[in-house]
Every structure is written in C-alpha cells, then in structure tokens.
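Colleague: Mind looking over this structure? Questions follow.
The values are calculated or read from the model by the stated rules, or taken from the named source; none is laboratory data. For clarity, every value in this text was computed on a predicted model and none was experimentally measured. Note: ideal-geometry Cβ built from the backbone for every residue, glycine included; neighbour counts use all protein chains shown. All accessible areas refer to the heavy atoms of the entire protein, side chains included, with ligands and DNA or RNA removed. Shrake-Rupley method; radii C 1.70, N 1.55, O 1.52, S 1.80 Å.
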Amino acid sequence: MGAAYFYHLTRRPLEATLPMLLGKAQQAGWRVAVRGTTPARMEWLDEKLWLGPEEGFLPHGLATAPHAARQPILLTTGTESPNGPHCIMTIDGAGVAADEVQRLDRVCVLFDGNDEAALQTARGQWKALTDAGCSAQYWSEESGRWEKRAEK
C-alpha cells in the first residue's frame, strides 16, 4: 500500500520541481505516469522535458504517441496508464483516486502555492484521500528546501 505525497510549490515552478521528482522515481526503478488536465499542458511539459539538461535526460513520451506502454515516464490526461506505473504524479489539479494510492508505490500531487484555486483543490484531495484511509504527507519548500510539514 502506497502513500500520497503533496508537494506545495512556492519557490520553484513545476518545470523545475517535476524533473527532480521524476529523477528520484527513476533512481528507484519506478515507471511513472504524469497526469495533467489538458493535452496542451502535457505537450508543453513534453517540450520542457526534452529541452532539459542532456546529462539528466528523462526518457518519456505522450500517451497519445505510439508505444505509450513502453515509456518509463508517460505524460497523460487520462486515468488509464498503459505503461504500468509504480507512481502517478498529478499536476494542475488532476484527479487521483484512493484506490490508486493504495495500489501504487506512491502518488505525488504537485500544486502551485501561489494559486488559491490550486490550494483549495489540493486541500480537497488531501481530505478525500485521508478520509478514505490513505497515508499522506505534506511537503513544503517555503523555507528554501523541501521539508515534511504534516503526515496523516
């Protein structure tokens, strides 16, 4: 049974934080699905990952492209994950279900701390998942480094 980790982004943008988390997941040998809410946003993220540093390249692909099931990191807007992920990372308020948290090694919820709607969505997700019996941790970078601020 996994856990949901909530990442409150306040200092670095998504395009800086997500590659760090994806690299850690890759080091753990995990396949990952990154779930967003719009195809345009996932295409933007695909471009950002392709333009990252060569030495830290993260092999990935869009769920709409051929061979999606073979991607170590799959960028998707759907709940189906043909790459058989160990971890799902959600962005932009994309939904995650309690059964996913319980079935996977980890679920990461990344949210923009400068967006009140994103904060409210993340709070709602925390409540729904913990009320369903899922383990959860809240991480903040407000101090300049990532610190665990809450656990349930």
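Colleague: Evaluate the relative contact order of the chain (contact order divided by residue number), counting alpha-carbon pairs under 8 angstrom at least 6 apart; express in whole percent.
Modeller: 34 percent
Colleague: Per residue, how many Å² of accessible area does the chain show with a 1.4 Å probe?
Modeller: Counting only protein heavy atoms, the per-residue value for the chain is 51 Å².
Colleague: From the phi of every residue in the range 77-94, what ³J(HN,Hα) in whole Hz does the Karplus formula 6.51 cos²θ - 1.76 cosθ + 1.60 yield, where θ is phi - 60° and glycine or proline is x?
Modeller: 10, x, 8, 7, 10, x, 8, x, x, 8, 9, 10, 10, 9, 10, 6, x, 4
Colleague: Then there's this: Among DSSP bridges having both ends in the chain, what percentage is antiparallel? Round to the nearest 5.
Modeller: 15 percent
Colleague: Can you list the residues, at least 5 places off or on another chain, whose amide H is less than 5 Å from the amide H of MET89, using H built in the peptide plane?
Modeller: ALA33, VAL34, ARG35, CYS108
Colleague: Can you give me the C-alpha center-to-center distance between the range 8-55 and the range 67-103, rounded to a whole angstrom?
Modeller: About 13 Å separates the Cα centre of the range 8-55 from the one of the range 67-103.
Colleague: Now, a different point. Taking all protein chains in place and a 1.4 Å probe, what share, in percent, of the accessible surface of the chain do carbon and sulfur account for?
Modeller: The value for the chain is 51 percent carbon and sulfur by accessible area.
Colleague: To continue, here is another question. I need the semi-axes of the equivalent ellipsoid of the chain: take the C-alpha gyration tensor, multiply each eigenvalue by 5, square-root it, list largest first in whole angstrom.
Modeller: 23, 18, 15
Colleague: Project the alpha carbons of the range 11-78 onto their principal axes and report the range along each, largest first, in whole Å.
Modeller: 27, 26, 19
Colleague: Here is a follow-up. Just in the range 16-123: which chymotrypsin sites (Phe, Trp or Tyr not before Pro) are loop by DSSP and have at most 16 other Cβ atoms within 10 Å?
Modeller: PHE57
Colleague: For ARG149, enumerate residues with amide H under 5 Å from its amide H, sequence gap 5+ or separate chain, H modeled in the peptide plane.
Modeller: TYR138, TRP139, SER140
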